[in-house]
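Engineer: Here it is: the structure, laid out below.
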Amino acid sequence: MKLIVGLGNPGIKYRLSRHNAGFLILDQLSLERSIPVNQTLFDAHIGKGKIEGDVVILAKPQTFMNLSGIAIRKLTDYFRIAIGDIIVAHDDLDLPFQSIRLKAGGGHGGHKGLISLFDHLGGQDFMRVRLGIGKPARKTMVEGYVLEHFSKEEMDSLSQLTTTAAMAITDILRFGIQAAMEKYHGKNKTNLIEEG
């Protein structure tokens, strides 16, 4: 069983904010795979289904970003899911907008949702699908920037980006993280976003 987590903040106010990229990716995956995320368990909205033969739990923590790890730890304990069987979709300030990168393990880069996951899961060896959101001109502007809505220009690309990120999650399940990383990062990589 795999746990696929989208990070974000609950509520209509934050729905289209940059920090909610993880929620938006999970919503796209839920739509494509007909796995409604309509149950509530341990401070998370969840859905259960199958993708590429794997039983999966889709989860959107409802604890706000900084406390995401609380809900996810409860879900991993309840469903007996190992940290290596977790895929987390999230926004990333260190990547330019329109970049999608996959990762297994690694640091948190100051992302408060990831810090919470590290603290509550007791490790960092989960897989990640990172959607670049770019960064503001000054570091002091970061908090406001991530909570702002995507700009009109960014919104024009967002549907395509969340579709590509959802495809990346499916490829991790189908081929494994290393092969999926080669597909999305490889030297011979075509522009997956343009191709859809």
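Engineer: In region 24-36, is there at least one residue being without any contact (Cβ under 8 Å) to a residue 24 or more places away in the chain and of a type in the set (A, V, I, L, M, F, W, C)?
Structural biologist: Taking every residue of region 24-36 in turn, at least one turns out to be without any contact (Cβ under 8 Å) to a residue 24 or more places away in the chain and of a type in the set (A, V, I, L, M, F, W, C).
Engineer: Here's something else I'd like to know. State all residues of region 44-66 that are assigned to a helix (DSSP H, G or I) and in contact with a His (Cβ under 9 Å, 6 or more places away or on another chain); if no residue qualifies, say none. Before you say what the answer is, go through the steps one by one.
Structural biologist: Step one: of region 44-66, the residues assigned to a helix (DSSP H, G or I) are 65-66.
Within region 44-66, just M65 meets the criteria.
Engineer: Can you pull out the residues in region 140-181 that are surrounded by 10 or more Cβ atoms within 10 Å (Cβ to Cβ) and either at pLDDT below 90 or more than 19 Å from the chain's Cα centre (by Cα) (or both)? Can you show your working first?
Structural biologist: Restricting attention to region 140-181, the residues satisfying the condition of being surrounded by 10 or more Cβ atoms within 10 Å (Cβ to Cβ) are 141-143, 145-151, 154-181.
Residues satisfying the conditions are M141, V142, E143, S151, D156.
Engineer: Does region 57-71 include one or more residues that are within 16 Å of L7 (Cα to Cα), of a type in the set (V, I, T), touching a Phe, Trp or Tyr at 6+ places or on another chain (Cβ under 7 Å) and crowded, with 18+ Cβ neighbours inside 10 Å?
Structural biologist: Checked against the condition, which is being within 16 Å of L7 (Cα to Cα), of a type in the set (V, I, T), touching a Phe, Trp or Tyr at 6+ places or on another chain (Cβ under 7 Å) and crowded, with 18+ Cβ neighbours inside 10 Å, region 57-71 yields at least one hit.
Engineer: Could we say that D77 is out of contact with any helix residue (DSSP H, G or I) (no Cβ under 7 Å at 6 or more places or on another chain) and either among the small types (G, A, S) or open to solvent by 10 Å² or more (accessible area, probe 1.4 Å) (or both) here? Can you show your working first?
Structural biologist: On the way: out of contact with any helix residue (DSSP H, G or I) (no Cβ under 7 Å at 6 or more places or on another chain): yes; either among the small types (G, A, S) or open to solvent by 10 Å² or more (accessible area, probe 1.4 Å) (or both): yes.
Answer is yes for this residue.
Engineer: Scan region 124-139 for residues that are small (G, A, S) and open to solvent by 20 Å² or more (accessible area, probe 1.4 Å) and jot them down.
Structural biologist: First pass over region 124-139, keeping only residues small (G, A, S): 132, 134, 137.
Answer for region 124-139, where residues must be small (G, A, S) and open to solvent by 20 Å² or more (accessible area, probe 1.4 Å): just A137.
Engineer: Could you check region 1-21 and list, in sequence order, the residues that are part of a strand (DSSP E or B), over 19 Å from P136 (Cβ atoms) and open to solvent by less than 20 Å² (accessible area, probe 1.4 Å)? First the steps, then the outcome.
Structural biologist: To start, the set of residues in region 1-21 that are part of a strand (DSSP E or B) comprises 2-6, 17.
Subset that is over 19 Å from P136 (Cβ atoms): 2-6.
Passing the criteria: L3, I4, V5, G6.
The values are calculated or read from the model by the stated rules, or taken from the named source; none is laboratory data. The shown structure was predicted, so the numbers you read here are calculated from the model rather than taken from an experiment. Methodologically, a virtual Cβ is constructed for each residue, glycine included, from the backbone with ideal geometry; neighbour enumeration extends over all protein chains shown. Quick note on the areas: whole protein, heavy atoms, side chains included, nothing else; ligands and nucleic acids left out. Shrake-Rupley method; radii C 1.70, N 1.55, O 1.52, S 1.80 Å.
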